[in-house]
Amino acid sequence: MAREKPLIRISDILLKIAKKFDLEIKIVEQTINKNWGKLVGERISAHTKPDTVSYKKLLVHVDSPAWMQQLMFLKEDIIKNINEAAGRKIIKDIRFQIGDITKEVETPPEKDSENKGEFRPLTKNDLAFADEVIRPIEDEKTKGKARKAVIKYLTAKNKK
């Protein structure tokens, strides 16, 4: 009788992909950016903009020296709010810097004209990586869907 392997969750596979391509930190940055107003409050959010995370240190742009000084007093509370929202310690320090806090506004993509060329060609290494990631999945239907998801992710161009 064939020995059954334990099921592997899709989230575990996607986390493996994120770690392999160093995307975990980008996910943290995007999550902080998206939820900044909720994490710090609208008043602080109006004068600040989170930027990057490096070695668990968050860089935040501030619009004036007065706000930067005020935020130094609130730093520990902001770190606590971020980590509580994440459910784990993802930020250990915040560095405030005077800078542009213009918020990016999402615009819906135009049909056809801008969407052309949004994917990059698939390489042999991409296919090999996709096959390696899905190898532990036993169910063929799930394996096929997971492979499509991995390939779609690998071929999408990074928007910076």
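Observations
- Spans of helices (runs of 4 or more DSSP H) in region 65-160 with at least 3 residues at pLDDT below 80 and open to solvent by 70 Å² or more (accessible area, probe 1.4 Å): 124-134
- Close pairs from region 127-151: first at negative phi, partner open to solvent by 50 Å² or more (accessible area, probe 1.4 Å) and at pLDDT below 80, Cβ under 6 Å, at least 6 apart: E138/K5
- Selection count, region 25-44, where residues are of a type outside the set (S, T, N, Q) and open to solvent by less than 60 Å² (accessible area, probe 1.4 Å): 9
- Some residue of region 45-56 being open to solvent by 90 Å² or more (accessible area, probe 1.4 Å) and either closer than 24 Å to N81 by Cα or of a type in the set (S, T, N, Q) (or both): yes
- When region 1-57 is filtered for residues that are hydroxyl-bearing (S, T, Y) and modelled with pLDDT of 80 or more, the ones remaining, listed by number, are T31, S45, T48, T52, S54, Y55.
- In region 6-23, the residues that are under 16 Å from N125 (Cβ atoms) reach residues that are in a loop (DSSP other than H, G, I, E, B) and at pLDDT below 75 with C-beta atoms within less than 9 angstrom, at least six apart or across chains, in these pairs: I17/L23.
The values are calculated or read from the model by the stated rules, or taken from the named source; none is laboratory data. Everything numeric here is computed off the predicted structure, so don't read it as measured data. Positions of Cβ are backbone-derived with ideal geometry, glycine not excepted, and every protein chain shown enters the neighbour counts. Accessible surface is based on the protein model in full, side chains and every heavy atom, while ligands, DNA and RNA are left aside. Shrake-Rupley method; radii C 1.70, N 1.55, O 1.52, S 1.80 Å.
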